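*Asks:* Shown below is the structure under consideration.
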Amino acid sequence: MANMTMIEALRDAMDVMLSRDPKVVIFGEDVGYFGGVFRCTAGLQTKFGEERVFDTPINESAIVGLGIGMATQGMKPCVEIQFADYMYPAYDQITQEAARIRHRSNEEFSCPMVIRMPTGGGIFGGQTHSQSPEALFTHVAGLKVVQPATPYDAKGLLIASIEDPDPVIFLEPKRLYNGPFNGDHKAPSQNWKNHPLGQVPEGYYSVPLGKARIHREGEAVTIITYGTMVFVAEAAVEKAGIDAEIIDLRSLLPLDLAAIEESVRKTGRCIVLHEATKTSGLAGEIIACVQEACFYHLEAPIQRVTGWDAPYPHALEWDYFPGQDRVRRALQAVMEV
């Protein structure tokens, strides 16, 4: 067992799969010689060669289109979009082509392809480097959508995604690349190498898609969240002194409805927390599912804590970011009923 950052865990996952399966290829803007804008693919081209790990022109539509073509012919492309904000030129390829190939061909073809994208804010990236577009993908039938919160899950989920027979959107919370983040940007940063959740097994293992994990067990209220917000929720719970259970979804599509329902039926109260904007966000869908399955177990209205319905602001990043205080106020509100 080694201690790794999330960047190192992702690189290790790709290294393992490039070694195990000659059909796996890695490509995208600057992923070869330079090793990626966040260095996730550093050293892989040197180890596996320019035919397995290679650079592409700055053309997201072409990157995804090339991946779709290779996937339908038996390859397993794992492509990188430098920031999730850049994926819009490729949105047509992802939703109209990759997501539908299995169905439109009556299962004659499939599209075993992974599209990695750094997502979310917290690094002063401004409105074009901080977006959380997960709801744009969870609305699309034929896709799977994943977002890890720990290095262990990052490696295991990426391996499972590369092995999946259908397209997977793999969203990487870039604020967690080097260490956990509890929402306090003035606090000293932690590194995964000094954190127990930074422990990552060597070699091959996978974490199944569609399965949530319990990040913190509790009895009073359930917080359903994912990505960076897992650690913000944890800090808010400790500050509020409320015995909350925190569910890290890990897979946003499909959702682990069984885990959600079991926890909410136990606690009787629920908060859904994410960084993306509120209107038509994933929280609305999760709340609808909880209402359908757990209505008679609820003791208070479900609370929703999200980013604001505005472009991500550079100068006011910490006013936009759903921090500990907003989560703590939601905890107090749901417990007062």
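*Asks:* Working only within segment 220-250, note down all residues that are on the phi > 0 side of the Ramachandran plot and either over 18 Å from the mean Cα position of the chain (by Cα) or part of a strand (DSSP E or B) (or both).
*Replies:* Gly241
*Asks:* Same structure, new question: Out of contact with any Asp or Glu (no Cβ under 9 Å at 6 or more places or on another chain), modelled with pLDDT of 95 or more, of a type outside the set (A, V, I, L, M) and buried (at least 18 other Cβ atoms within 10 Å of the Cβ): is that true of Gly35 in this structure?
*Replies:* So Gly35 passes the test.
*Asks:* Among all residue pairs at least 6 apart or on different chains, which show Cβ distances below 7 Å where the first residue, located in segment 7-36, is without any contact (Cβ under 8 Å) to a residue 12 or more places away in the chain and on the phi > 0 side of the Ramachandran plot and the second is surrounded by 22 or more Cβ atoms within 10 Å (Cβ to Cβ) and hydroxyl-bearing (Ser, Thr, Tyr)?
*Replies:* Within 7 Å, the pairs are Gly35/Thr41.
*Asks:* Turning to a different aspect of this structure: With the condition kept exactly as written, say whether any residue in segment 131-140 is farther than 19 Å from Phe83 by Cβ, among the hydrophobic types (A, V, I, L, M, F, W, C), touching a Ser or Thr at 6+ places or on another chain (Cβ under 6 Å) and open to solvent by 10 Å² or more (accessible area, probe 1.4 Å).
*Replies:* yes
*Asks:* Taking interchain pairs and intrachain pairs at least six residues apart, which have beta carbon atoms under 6 angstrom, with the first residue in segment 255-267 and farther than 10 Å from Ala293 by Cα and the second open to solvent by 50 Å² or more (accessible area, probe 1.4 Å) and not in a helix (DSSP H, G or I)?
*Replies:* Asp256/Lys211
*Asks:* Quickly run through segment 251-303 and pick out the residues that are within 19 Å of the chain's Cα centre (by Cα), charged (D, E, K, R) and open to solvent by 30 Å² or more (accessible area, probe 1.4 Å).
*Replies:* Lys278, Glu285
*Asks:* List the number of the failed condition for Ala235; all other conditions in (1) open to solvent by less than 10 Å² (accessible area, probe 1.4 Å); (2) within 18 Å of Gly179 (Cα to Cα) hold.
*Replies:* The number of the failed condition is (1).
The values are calculated or read from the model by the stated rules, or taken from the named source; none is laboratory data. Treat the numbers as computed from the prediction; the structure is a model and nothing was measured. Note that each Cβ is placed from the backbone with ideal geometry, even for glycine, and that neighbours are counted across all protein chains shown. In case anyone asks, the SASA skips ligands and DNA or RNA and just uses the protein heavy atoms, side chains included. Shrake-Rupley method; radii C 1.70, N 1.55, O 1.52, S 1.80 Å.
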